[in-house]
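The values are calculated or read from the model by the stated rules, or taken from the named source; none is laboratory data. From a predicted model like this one, the values you see are computed outputs, not experimental measurements. Because the Cβ atoms are built from the backbone with ideal geometry, glycine has one as well, and the counts that use them run over all protein chains shown. Keep in mind that these areas ignore ligands, DNA and RNA; they rest on the heavy atoms of the full protein, side chains included. Shrake-Rupley method; radii C 1.70, N 1.55, O 1.52, S 1.80 Å.
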Amino acid sequence: VTFSYTIDATVHTITRVRIAIMGKKTIRDLGEFGAIDRIKKLLPTADNVVEGIGDDCAVVRVGAQLLLLSCDASIEGVHFDQAYMPPKEIGWKAATAALSDIAAMGGTAKFALVTLAAPSTTEETLIEALFQGIAEAATACGAVVVGGDMTSNPSGIILDISVIGEPTKDGRYLTRSGAQPGDLLAVTGHPGESAAGLHAFQRNNEAPALQAAHCIPTARIAEGQYFASHTDVHAMLDSSDGLLQDAAHIAKASDLGLNIDSAKLPISSTLQEYARAQDVTPESYALNGGEDYELIIALAPQDAEKRIAEFNKTFDIRLNIVGTFTDAHTKVLVDGAPTKTQGYQHFQTPD
Ligand SMILES: [Mg+2]
């Protein structure tokens, strides 16, 4: 008894010393998803909240109607750099990132609200160009901007865009949970190109196609609706933080594991060439690069080939199988080997 008490006391002392050295826990210690888990516990919910915090959109019931709600912030110095992106593209991308969360549920985009914070010295033409980009992205998705807020911010431009959408006509939408063991992991387009484009900007390399993928991504609204209206698609999200990390979110929400087959990653010849020239593997861009806004789905293995053939006939982007969901809870593997997700982590880099 005395002995174990001594151990307890020692552990207690060590813990106190550690706290004294390390100081108070910060949001960096918690990480984005740890912080969300904490906040979730503080916020009461209500009967008409169908899907609360934790997915790409919240789903709420207003009368007989289900609505999809989300918002997304784009911060100068974090999400964009005016040295690389003209203001119209900054607006386009900020709106697309928000609208992509509607696509990620399989919804139709309806309305957007825009909060703009900017230094008081910001030129009128820059503000107009931002909103031209926002308007074009919203129009491309069938949404209209119906309001917002404007405030000054001495330290740069912030766009925070809220979006409101509807599920499919028969009230269907897809969440991150619902994947089954044996489901195939599939992704649209060419993940990794946006990150390679950013790399090209930062190194002053010439890579127009990759740079365009970084600046003017597309929200996959029609593709998302297609997936939500077919019952063999079990789960979905959009790739904003990197294929590996985002696919792992489906695995976690569905209480499954995941194995990605790196040989199946849909790497374009453009990305292949760029990565080779930079002495980086194209697979690392495809697995870890963020901001592609492609759709990642869990697809039932039965008739998957048919589903993929039909998708590829219907849309001008390709759907590719890149892995399998397994029953090994939250174990994320690449080519059968354990891996650390390296996608974008907010709060993990110094301010
Ligand atoms: Mg998302």
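Has the stretch 226-243 got any residue that is within 20 Å of the chain's Cα centre (by Cα), over 28 Å from Gln211 (Cα atoms), open to solvent by 10 Å² or more (accessible area, probe 1.4 Å) and within 16 Å of the ligand (Cβ to nearest atom)? Scanning the stretch 226-243 turns up no residue that is within 20 Å of the chain's Cα centre (by Cα), over 28 Å from Gln211 (Cα atoms), open to solvent by 10 Å² or more (accessible area, probe 1.4 Å) and within 16 Å of the ligand (Cβ to nearest atom).
Starting from residues that are assigned to a loop (DSSP other than H, G, I, E, B) and among the charged types (D, E, K, R), keep the ones in the stretch 312-331 and report whichever is farthest from Ala179 (Cα to Cα).
Here is the first cut: in the stretch 312-331, the residues assigned to a loop (DSSP other than H, G, I, E, B) are 315-318, 327-331.
Going one step further and asking which of them are among the charged types (D, E, K, R), we end up with 316, 318, 327, 331.
Details: Asp316: 26, Arg318: 21, Asp327: 10, Lys331: 14 Å.
Applying the filter and picking the extreme gives Asp316.
Filter the stretch 38-53 down to the residues that are out of contact with any Lys or Arg (no Cβ under 7 Å at 6 or more places or on another chain) and open to solvent by less than 80 Å² (accessible area, probe 1.4 Å), then identify the one that is farthest from Gly290 (Cα to Cα). Out of the qualifying residues, it is Ala46.
Within the set Gly336, Gly290, the sole residue that is touching a residue at least 12 places away in the same chain (Cβ under 8 Å) and within 25 Å of Trp92 (Cα to Cα) turns out to be Gly290.
Output yes when any residue across the stretch 185-196 is crowded, with 24+ Cβ neighbours inside 10 Å, among the hydroxyl-bearing types (Ser, Thr, Tyr) and closer than 30 Å to Phe325 by Cα, and no when none is. Yes, because at least one residue in the stretch 185-196 is crowded, with 24+ Cβ neighbours inside 10 Å, among the hydroxyl-bearing types (Ser, Thr, Tyr) and closer than 30 Å to Phe325 by Cα.
When restricted to residues that are open to solvent by less than 40 Å² (accessible area, probe 1.4 Å) and in a strand (DSSP E or B), the stretch 115-141 contains 3. The numbered conditions (1) at pLDDT 95 or above; (2) under 22 Å from the mean Cα position of the chain (by Cα); (3) open to solvent by less than 20 Å² (accessible area, probe 1.4 Å) are all true for Ala275 except (2).
The set of residues in the stretch 48-65 being outside any strand (DSSP E or B), within 15 Å of the ligand (Cβ to nearest atom) and touching a strand residue (DSSP E or B) at 6+ places or on another chain (Cβ under 9 Å) consists of Asp55, Asp56, Cys57.
Kindly indicate whether Thr218 is away from the ligand (no atom under 16 Å from the Cβ) and open to solvent by 50 Å² or more (accessible area, probe 1.4 Å). Before you say what the answer is, go through the steps one by one.
Values: away from the ligand (no atom under 16 Å from the Cβ): no; open to solvent by 50 Å² or more (accessible area, probe 1.4 Å): yes.
Answer is no for this residue.
The residue that is farthest from the ligand (Cβ to nearest atom), among those in the stretch 80-114 that are open to solvent by 40 Å² or more (accessible area, probe 1.4 Å) and not in a loop (DSSP other than H, G, I, E, B), is Lys88. Residues in the stretch 66-79 that are open to solvent by 50 Å² or more (accessible area, probe 1.4 Å) and modelled with pLDDT under 95 were compared, and the one that is nearest to the ligand (Cβ to nearest atom) is Val78. Residues of the stretch 229-255 being of a type in the set (Gly, Ala, Ser) and either over 15 Å from Leu99 (Cβ atoms) or without any contact (Cβ under 8 Å) to a residue 40 or more places away in the chain (or both), which ones? Ser229, Ala235, Gly242, Ala247, Ala248, Ala251, Ala253, Ser254 - these are the residues of the stretch 229-255 that are of a type in the set (Gly, Ala, Ser) and either over 15 Å from Leu99 (Cβ atoms) or without any contact (Cβ under 8 Å) to a residue 40 or more places away in the chain (or both).
Taking the condition open to solvent by 80 Å² or more (accessible area, probe 1.4 Å), assigned to a strand (DSSP E or B) and at pLDDT 95 or above, does Val146 pass? Don't jump to the end; show me each part of the working.
On the way: open to solvent by 80 Å² or more (accessible area, probe 1.4 Å): yes; assigned to a strand (DSSP E or B): yes; at pLDDT 95 or above: yes.
When the stated conditions are applied, Val146 passes them.
Restricting the first member to the stretch 308-324 and to residues that are at pLDDT 95 or above, and the second to residues that are basic (Lys, Arg), the beta-carbon pairs closer than 6 Å and six or more apart or on different chains are Asn312/Arg318; Val322/Lys264.
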